[in-house]
Amino acid sequence: MNTRHRDNYPRMNCIVVFNKTKDRILFCKRQKDPFGGRLNFVGGKVEKGESSENAAYRELYEETGVTRRQIRLFRLMDMTYYYQAIILEMYVGMLSEDVELKEEKNPLLWLPLTEDFTDRERFAGEQNIAHIINVAMLYPIPGRDMMSDGHYIGIDGCKDGWIIADLNYGQLTVRQFEKLSEFSDEYYVEDIDKCLIDMPIGLPEKPEDFRPDAEARKELRDRGTTVFPVPCRQAVYKSTEAEQKTENLRILGKSLSKQSTALIPKIREVDTFLEDHQEYREVICESHPEICFSRLNGGAFLGRKKEFIGITQRQAILSGFLQSTVIDDVWSQATGLHCNPDDILDAVCLAVTAALDAHHLCETIPEEPQKDARGLRMQIVVPAI
């Protein structure tokens, strides 16, 4: 018998796919052993360093052409086979629409729930399939809404890097990246429906370049100081604070505040990222959490975001869109990530706003944004009033 520790076992996955009316299940007819010639669920191998969830979506797409936008997968069960030294991870999901399947190697077919799934001559798995289907039928697959029908991301800067709120088909997780360059290592642009970041995108290079900052400050009134003056691109790429202030004065006719110069490293990081990864330009847009929270609250302003009352108000607003322990336990989440609670809430707010934007429920400040010299739109995406 294989005595290796199960943590070192290779992992495989199988995916129970229901059609959109949940009265048929997708099967493939295996062309090779094991179970050659018999029917099985689609699935495959979890690659080294690959998450279980990503592997399930990848295998499903490769074998059927079904994308994340068409189904949301849920972890159903794991089976450890000690003799074969493998772990089988089972997922279940229901299509949100009719799809045209694209076969890879194994022929695909839909079977009704009236089939005899215990038939060993037709089905793989030594009658395991019947048990798995019975368990899958009991799984409470939730319905889709605008927060769970796509992949939406919010990014907020923090003292140790960036807070990433990842709203992936209704499942919210929060991570911290030290550098924005890690974003392209972790997220493929084709898998993201919308991403909003609380940092300027599109930098002026001459006085007539129109940024949305003044209009945003006007909307926030007393909170307008949360929208800082954005430096020109020439100043952003200067090394010292003195050089940055001098260059901004030369180009735009005004110096820079401490708040602006303190954020220049992150502004430069975003600008460089979008120059080096131009495929993300249509996916990542600028937003501002303070405006988003205000608009999500019916236009009413909230308490200060670093004070207890302001934090609880923001939690209540976000809980109206999402039910998540990330929001409920924001203090412990912040402790674990070595950031402030408002950093997490701001990032989650941007992820929620990204979902609204994907459903055409947002607008831009200004209504018709200008592009900068590099072709980046100088705009702030916010919920429509």
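Please go through the range 350-385 and pick out each residue that is more than 22 Å from the chain's Cα centre (by Cα) and either surrounded by fewer than 16 Cβ atoms within 10 Å (Cβ to Cβ) or not aliphatic (A, V, I, L, M) (or both). Of everything in the range 350-385, those that are more than 22 Å from the chain's Cα centre (by Cα) and either surrounded by fewer than 16 Cβ atoms within 10 Å (Cβ to Cβ) or not aliphatic (A, V, I, L, M) (or both) turn out to be PRO366, GLU367, GLU368, PRO369, GLN370, LYS371, ASP372, ALA373, ARG374, GLY375, ILE385.
Scanning the range 239-270 for residues that are within 17 Å of GLY202 (Cα to Cα) and either in a loop (DSSP other than H, G, I, E, B) or free of Cβ contacts under 8 Å to residues at least 40 places away in the same chain (or both) turns up ASN248, SER260, THR261, ILE264, PRO265, ARG268.
Out of the residues in the range 300-356 that are of a type in the set (Lys, Arg) and not in a helix (DSSP H, G or I), which is modelled with the lowest pLDDT? This residue is ARG304. When restricted to residues that are in contact (Cβ under 8 Å) with a residue 12 or more places away in the chain and farther than 18 Å from LEU109 by Cβ, the range 13-43 contains 2.
Please find, among GLU290, GLU279, GLU275, the residue that is of a type outside the set (A, V, I, L, M, F, W, C), assigned by TED's automatic domain parsing to the domain that holds LYS179, under 17 Å from the mean Cα position of the chain (by Cα) and in a helix (DSSP H, G or I). Walk me through it before giving the result.
Numbers: GLU290 fails: under 17 Å from the mean Cα position of the chain (by Cα); GLU275 fails: under 17 Å from the mean Cα position of the chain (by Cα).
Result: GLU279 is the single residue among GLU290, GLU279, GLU275 that is of a type outside the set (A, V, I, L, M, F, W, C), assigned by TED's automatic domain parsing to the domain that holds LYS179, under 17 Å from the mean Cα position of the chain (by Cα) and in a helix (DSSP H, G or I).
Name the single residue, out of those in the range 211-230 being out of contact with any Ser or Thr (no Cβ under 7 Å at 6 or more places or on another chain), of a type outside the set (Val, Ile, Thr) and not in a helix (DSSP H, G or I), that is farthest from ALA373 (Cα to Cα). My answer is PRO212. Of the residues making up the range 124-135, one or more are on the phi > 0 side of the Ramachandran plot, assigned to a loop (DSSP other than H, G, I, E, B) and not small (Gly, Ala, Ser). When residues in the range 55-72 are screened for being without any contact (Cβ under 8 Å) to a residue 60 or more places away in the chain and either of a type in the set (A, V, I, L, M, F, W, C) or in a strand (DSSP E or B) (or both), 5 of them pass.
Test PHE273 against the criterion of being closer than 21 Å to CYS349 by Cα, of a type in the set (Phe, Trp, Tyr) and touching a residue at least 24 places away in the same chain (Cβ under 8 Å), and give yes or no.
On the way: closer than 21 Å to CYS349 by Cα: no; of a type in the set (Phe, Trp, Tyr): yes; touching a residue at least 24 places away in the same chain (Cβ under 8 Å): yes.
The answer is no for PHE273.
Looking at LEU322, LEU318, just one residue is out of contact with any Asp or Glu (no Cβ under 7 Å at 6 or more places or on another chain) and buried (at least 22 other Cβ atoms within 10 Å of the Cβ), and that residue is LEU318.
The set of residues in the range 27-45 being buried (at least 17 other Cβ atoms within 10 Å of the Cβ) and over 14 Å from ALA124 (Cα atoms) consists of GLY44 alone.
In the set (1) crowded, with 16+ Cβ neighbours inside 10 Å; (2) within 28 Å of HIS359 (Cα to Cα), ALA214 fails one condition alone, (1). Among the residues in the range 231-238, are any within 29 Å of the chain's Cα centre (by Cα), part of a loop (DSSP other than H, G, I, E, B) and among the β-branched types (Val, Ile, Thr)? For the range 231-238, residues within 29 Å of the chain's Cα centre (by Cα), part of a loop (DSSP other than H, G, I, E, B) and among the β-branched types (Val, Ile, Thr): absent. Filtering the range 136-149 to residues that are surrounded by 13 or more Cβ atoms within 10 Å (Cβ to Cβ) and assigned to a loop (DSSP other than H, G, I, E, B) leaves TYR139, ILE141, ARG144, MET146, MET147, SER148, ASP149. Sub-6 Å Cβ pairs linking a first residue in the range 281-304 that is of a type in the set (S, T, N, Q) to a second residue that is assigned to a loop (DSSP other than H, G, I, E, B) and surrounded by fewer than 21 Cβ atoms within 10 Å (Cβ to Cβ), at least 6 apart or interchain, are SER294/PHE301, ordered by first then second residue. Among residues belonging to the range 150-194 that are assigned to a loop (DSSP other than H, G, I, E, B) and over 11 Å from the mean Cα position of the chain (by Cα), point out the one that is surrounded by the most Cβ atoms within 10 Å (Cβ to Cβ). So, considering only residues that are assigned to a loop (DSSP other than H, G, I, E, B) and over 11 Å from the mean Cα position of the chain (by Cα), the one surrounded by the most Cβ atoms within 10 Å (Cβ to Cβ) is LEU180.
The values are calculated or read from the model by the stated rules, or taken from the named source; none is laboratory data. In this text, all values refer to a predicted model and were calculated from it rather than measured experimentally. Cβ atoms come from the backbone with ideal geometry, glycine included; neighbour counts cover every protein chain shown.
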